[in-house]
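The values are calculated or read from the model by the stated rules, or taken from the named source; none is laboratory data. None of the values given here were measured: they were computed from a predicted structure. Cβ atoms come from the backbone with ideal geometry, glycine included; neighbour counts cover every protein chain shown. In case anyone asks, the SASA skips ligands and DNA or RNA and just uses the protein heavy atoms, side chains included. Shrake-Rupley method; radii C 1.70, N 1.55, O 1.52, S 1.80 Å.
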Amino acid sequence: MKLKFSLEYKTAWGESLHVMVTYLSRDGHRRRSELAMDTRDGILWTLETAAMESYRHPAAFITYYYMVVDGNGKLLRREWLGEPRLYPFDIQQDFLFPDYWRDAPLNIRFSRSASQAADEKEREQQEQKAVNNYLQKVELLSRKLSCVLYHQTVLFAVKAPDLHEGEEVAIIGNHPTLGSWLPERFLRMKSVDGDLWMLSVDVTGVEYPLEYKYVIIDRETRLLKIWEEGANRRVHVSRVYPDNVIIEDGYLLRVKDPAKTGIFTLETTNPEYLLWHLPAGTRVRDFAWREEYDTYVFDLDGTLISSLEDLCASCNYALHHFGFPQHSLEEVRMMVGNGVKKLMERATPDGLNNPKFDEVYSLFRKHYMDHNRDHTAPYPGIMDMLRRLRAAGKHVAVVSNKFYAATQALCKDFFGPLVEVAIGERENIRKKPAPDTVVEALRQLGVTKDRAVYIGDSDVDIMTARNSGMPCISVLWGFRDRAFLVRHGATTFVSKPEEIY
């Protein structure tokens, strides 16, 4: 059967990604295979390969890590091996691994930097030692790992380093399989080794995306104690075909522990690299960093203006008019980001398949055009930041998935001449995360992307910046929290508008 790997990792010219796969049998036998991955854009790397089969030593587990090699196949860097990926394996099933690059935490990198090898031979010896230690960890971990694989399986895994005595991790979600969001119907996960928790779930018959969160429960009372913060996690089970296993590696449990705080100051010329290498569990409360650009392209909702209340009110007005269930402010928060039509598709029962959808959407647009300034206003500090940019001769544009008329009206009313170009959703131009609106804004400004930066608050904005070939600054006052943004590739953050300019 097949293994299907996918990973977003930006490589330099001449570099490529490989994955080192190791199969482990229950009798301790190991088979290793280094495989080259493919890419079309130098960012998204994929690999589909047949699994290695052995009748004498059938594999019971699979482990792997990613490496970057040059054009001659020389190892340039690899993932951190301190926390191995290890999963149960069945040769009769296909496995899907939607992944992220695992790098060493900052404390690990600092501790080893002083003793880095001085020559090639010593570096090779250190590399072999690291791999041997990794394989020893894998063998120990395999003795504790026990997960059932079903006809169609999603295997959830998450690290929870901040648990207190008597606490466990569970999962809860939107489908009856995951408890239908009922606090008393969570699914308990299994502790594999200290911080690592796993659970395999049978998704046979599940036809729509699973949205879920991890929660902390009390081991003795079996009561839910703490919900995970941030947006709902999501897995598209439509990708899980018969005899498929999809691995959902959730990385860190998003729960704050107020007892574990600290303040430190670092100066660096490479803040993006720094933020990716903070120790596991580190939470950045205030990070000040600023580089000057010539052109600043902003998202609108959640970045420049606080518009959630008016969006929610118009959404519920349209739903109520047609007798459909309404949504809370927090529910609507999780629905925005891909344009108002997508918002109403998510809010309306059965979405586009609802025979009343076009009428619901039309009523929403009409109500929103009349009420989009009832509660909407720029976030504190935004106006002063825009004035500073324009006084310094910087170009400012706004690109939004909000329909064109509303985008134009809001920018004109709130920002006037401070925003030179405002692009909203319209025909013949693709919405974000496609780069079209950004390209059009740059065209109207008469500038290139070389000295431009994109600023937004969501995963859609991160993808838009990436697709536009521009750096991205993620704001922390918008519709998504830092943990969600990190998981979707954010590397540069600001917590106040004055940190932009």
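Can you find a residue in region 441-449 that is closer than 30 Å to Lys10 by Cβ and buried (at least 21 other Cβ atoms within 10 Å of the Cβ)?
yes
If you go through region 27-42, how many residues are assigned to a loop (DSSP other than H, G, I, E, B) and at pLDDT 90 or above?
Adding up the residues that qualify gives 3.
State yes or no: is Asp99 under 25 Å from Leu196 (Cβ atoms) and either touching an Asp or Glu at 6+ places or on another chain (Cβ under 9 Å) or at pLDDT 90 or above (or both)?
Here the answer is yes, as Asp99 does meet what is asked.
Exactly one condition in (1) in contact (Cβ under 8 Å) with a residue 60 or more places away in the chain; (2) over 19 Å from Ser180 (Cβ atoms); (3) in contact with a Leu (Cβ under 8 Å, 6 or more places away or on another chain) is false for Ile216; which is it?
The failed condition is (1).
Checking Leu163 against (1) closer than 24 Å to Thr22 by Cα; (2) at pLDDT 85 or above, which test does it fail?
So Leu163 meets the others, but not (1).
Can you tell me which residue within region 294-315, out of those that are open to solvent by 20 Å² or more (accessible area, probe 1.4 Å) and not in a strand (DSSP E or B), is modelled with the lowest pLDDT?
Checked region 294-315; the qualifying residue modelled with the lowest pLDDT is Glu309.
Would you check if there is a residue in region 50-68 being in contact with a helix residue (DSSP H, G or I) (Cβ under 7 Å, 6 or more places away or on another chain), aromatic (Phe, Trp, Tyr) and part of a strand (DSSP E or B)?
yes
Report yes if Pro325 is assigned to a loop (DSSP other than H, G, I, E, B) and open to solvent by 70 Å² or more (accessible area, probe 1.4 Å), otherwise no.
Here the answer is yes, as Pro325 does meet what is asked.
Mind checking which residues of region 457-478 are open to solvent by less than 20 Å² (accessible area, probe 1.4 Å) and either more than 17 Å from Lys394 (Cβ to Cβ) or β-branched (Val, Ile, Thr) (or both)?
Asp457, Ser458, Val460, Asp461, Ile462, Thr464, Ala465, Ser468, Ile473, Ser474, Val475, Gly478
Residues to consider are Met37, Met20; find the one that is free of Cβ contacts under 8 Å to residues at least 40 places away in the same chain, open to solvent by less than 70 Å² (accessible area, probe 1.4 Å) and either on the phi > 0 side of the Ramachandran plot or of a type in the set (A, V, I, L, M, F, W, C) (or both).
Only one candidate passes the filter, namely Met37.
Looking at region 333-354, is at least one residue touching a residue at least 60 places away in the same chain (Cβ under 8 Å) and on the phi > 0 side of the Ramachandran plot?
Yes: one or more hits.
Could you list all residues from region 114-145 that are modelled with pLDDT of 75 or more, in a loop (DSSP other than H, G, I, E, B) and either of a type in the set (Val, Ile, Thr) or surrounded by fewer than 11 Cβ atoms within 10 Å (Cβ to Cβ) (or both)?
If the condition is that a residue be modelled with pLDDT of 75 or more, in a loop (DSSP other than H, G, I, E, B) and either of a type in the set (Val, Ile, Thr) or surrounded by fewer than 11 Cβ atoms within 10 Å (Cβ to Cβ) (or both), then Arg143 is the only one that fits.
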